[in-house]
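One structure is given here, and the rest of the page talks about it.
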Amino acid sequence: MNRPITYVEERPGLSFAQRWNTYLSLALAAAVLALGVTMRDAALNATMTLEDLEAGIRAQVPQGWLLDRSGREYVFRAADPDALPFKTLLQVSIMPVGPDATPASVLHQIEIDRPLRFPAYRVISRRNVTLRDGSPAVRLTYAYVQSERNPALETLPIVVEGVDLVVLRGAQAVIVSYREERGSFENNLYRFENMLNTLEIF
Amino acid sequence: MSFEPILLAPEEEPVEVYPYRRVWQTTWQEVLLLFAVVAAIYAATLVFDLLPDGLRDTRGKLALALLPLAAWLLISYRGERRAVAPRPYLLSVLLLGALVANAVAMPLSERLFVPDRWLPPQGFFGRALGYTFTVGFAGVFLRYAVLRYTIWETYFRQRLDAAAYALAASLGFAVILNVRYALDTDATVVATGLWVASNTFVHMATGLVIGFFLGELRVSRPPVIWMPAGLLMAAFLGGLHYGFRGIAIVSGLGVGATASRPIGGLALSFALIAALLLIFAFLIQSADERQQTAAGRREPL
């Protein structure tokens, strides 16, 4: 009677220490990379509180950004000094309004001189939104072209995309703005949302 | 009547032929060659004004980026081919190191870790730890994986094999980063040379750590946390280098616009690889001697 021939390949197995070194290395890789991403998030999303008692505005803005509180048109303006080719901008402005004003009418007023100040200004979208506290607001998305003023630098114009959100608070309108180079607009939009979510008007 | 002839000269003892390539010797040659070339370019540009400061010739930058690979092929790989018992998969491991750098490490760094966006403003410890736990560990683990899951089980015959293979994988890894730096940035030739040398040296240094720990894991009985500790140590070494490099470059006193000292980064990286080559040559030699003594093949001193 013929018996089937069975062939078993024998390879020297790993020792206990070698096997567990391999397992623990894999576990360590997962843990360290998770820690690394957490550190990155903490550094990139670190914020500081910006408060203007005179205007009654408090908000969280990214840490390390350049702050400008000297302008007449805005309460504060924060710009990312490391961003290229456009310094990412977050801004909060206040505008006095009459008793019959609506967010849409304020937005219309803002838009009047935009085409004169911003070359190739185009409105992308305009929609009514409701904030977390239930307040009605209007959100405008637009784009324009920014050119370097110094011709000696020989740089190409860049397309800037922006968002303005208008909400009414008593006798004043609060305008929260975000501007960014078109290619990075979506990636950094969360900074605008973060500031909006932490904005307090008192 | 016969008698044994009396020899006046002592009997010659047979000389044992060393069958493998001598890793330390060829690695030192490569390191010194790269250091000398970059130091010469630095001197010709910033000391003697023989080359223009703003020279940005892409072919020159690419040649500098590929110089470590050319040196390795001419010195280490040719030496390996001439050895009695050459290590068989050195070139394959180098190519795998390059592949994981391009396919995994670069996308991880550019899309997930984005170190340029958050590490530079940090303090020294923030920079060192941030780099260690992101780009540093990813690079170390990828090179470990290349070695561990391909040739480690079969072709790590002795501790020096681990050093040779780890250096090859690290060199392939570093060359991809060099080429990307040369092609993707607007750096000058001298800045590219300094960056290429620093990057290559630090990857070789961390590769030595990975190789030493992997070699011990193959030929001896280390504890179960041996390899994780080695990976962490290699990554932390890279992180420390990243932290100190910023200090070494910007801490110079000078009357220039930035008071920077670009040669400081090169000196730091060269000191790192030189120190690690000496340390691991000593550690591996003494471990081999202890093992031979224990096996009874060598008389204890």
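The values are calculated or read from the model by the stated rules, or taken from the named source; none is laboratory data. Since the model is a prediction, treat every value here as computed from it, not as a measurement. Cβ atoms come from the backbone with ideal geometry, glycine included; neighbour counts cover every protein chain shown. Side chains are part of the model used for accessible areas, which takes the heavy atoms of the whole protein and leaves out ligands, DNA and RNA. Shrake-Rupley method; radii C 1.70, N 1.55, O 1.52, S 1.80 Å.
General observations
- The lone exception for A:Leu84 - which of (1) open to solvent by less than 30 Å² (accessible area, probe 1.4 Å); (2) within 19 Å of the chain's Cα centre (by Cα); (3) among the aliphatic types (A, V, I, L, M) it fails: (1)
- Members of the stretch B:196-219 found to be within 14 Å of chain A (Cβ to nearest Cβ) and under 14 Å from B:Gly136 (Cα atoms), listed by number: B:Val209, B:Ile210
- Selection of first residues in the stretch A:78-101 that are under 18 Å from A:Tyr190 (Cα atoms) and of second residues that are open to solvent by 50 Å² or more (accessible area, probe 1.4 Å) and part of a strand (DSSP E or B), restricted to Cβ pairs under 6 Å at least 6 apart or on distinct chains, gives the following pairs, ordered by first then second residue: A:Ala78/A:Leu67; A:Ala79/A:Leu66; A:Pro81/A:Leu66; A:Gln91/A:Arg77.
- Among the residues of the stretch A:124-138, those that are open to solvent by 60 Å² or more (accessible area, probe 1.4 Å) and either in contact with a helix residue (DSSP H, G or I) (Cβ under 9 Å, 6 or more places away or on another chain) or modelled with pLDDT under 85 (or both) comprise A:Arg126, A:Asn128, A:Arg132, A:Asp133, A:Pro136.
- Residues of the stretch A:173-189 classified as modelled with pLDDT of 90 or more and either farther than 21 Å from A:Val123 by Cβ or open to solvent by 50 Å² or more (accessible area, probe 1.4 Å) (or both), total: 3
- From the list B:Ala138, B:Ala71, B:Ala65, the one residue that fits, being within 14 Å of another protein chain (Cβ to nearest Cβ), in a helix (DSSP H, G or I) and surrounded by 18 or more Cβ atoms within 10 Å (Cβ to Cβ), is B:Ala138.
- Candidate set from the stretch B:79-97 (those that are modelled with pLDDT of 95 or more and open to solvent by 20 Å² or more (accessible area, probe 1.4 Å)); member that is nearest to B:Phe141 (Cα to Cα): B:Leu96
- A single member of A:Leu24, A:Leu35 is within 10 Å of chain B (Cβ to nearest Cβ) and open to solvent by less than 60 Å² (accessible area, probe 1.4 Å), and it is A:Leu24.
- Selection count, the stretch B:110-123, where residues are outside any loop (DSSP other than H, G, I, E, B), within 11 Å of another protein chain (Cβ to nearest Cβ) and modelled with pLDDT of 90 or more: 4
- One residue from A:Met48, A:Met95 being among the aliphatic types (A, V, I, L, M), within 18 Å of the chain's Cα centre (by Cα) and part of a strand (DSSP E or B): A:Met48
- Considering only residues in the stretch B:141-157 that are free of Cβ contacts under 8 Å to residues at least 40 places away in the same chain and outside any helix (DSSP H, G or I), the one that is farthest from the other protein chains (Cβ to nearest Cβ) turns out to be B:Arg157.
- Remark: pairs (first residue in the stretch A:118-134, closer than 11 Å to A:Leu165 by Cα; second residue open to solvent by less than 60 Å² (accessible area, probe 1.4 Å) and β-branched (Val, Ile, Thr); Cβ separation under 8 Å; 6+ apart in sequence or on different chains) = A:Arg126/A:Val138; A:Arg126/A:Thr141; A:Arg127/A:Val138; A:Asn128/A:Val138; A:Val129/A:Val138; A:Leu131/A:Val167.
- Pairs, first touching a residue at least 40 places away in the same chain (Cβ under 8 Å) and over 19 Å from B:Leu95 (Cα atoms) in the stretch B:44-70, second open to solvent by 80 Å² or more (accessible area, probe 1.4 Å) and not in a loop (DSSP other than H, G, I, E, B), C-beta under 9 Å, six or more apart: B:Thr58/B:Leu183; B:Lys61/B:Leu183
- Across the stretch B:258-286, the qualifying residues are those that are of a type outside the set (A, V, I, L, M, F, W, C) and open to solvent by less than 50 Å² (accessible area, probe 1.4 Å), and the one among them that is nearest to B:His241 (Cα to Cα) is B:Ser269.
- For the stretch B:220-251, the set of residues classified as in a helix (DSSP H, G or I), touching a residue at least 12 places away in the same chain (Cβ under 8 Å) and within 11 Å of chain A (Cβ to nearest Cβ) consists of B:Trp226, B:Met227, B:Ala229, B:Gly230, B:Leu231, B:Leu232, B:Ala235, B:Phe236, B:Gly239, listed by residue number.
- All positions within the stretch B:148-203 that are buried (at least 22 other Cβ atoms within 10 Å of the Cβ) and of a type in the set (Asp, Glu): B:Asp161
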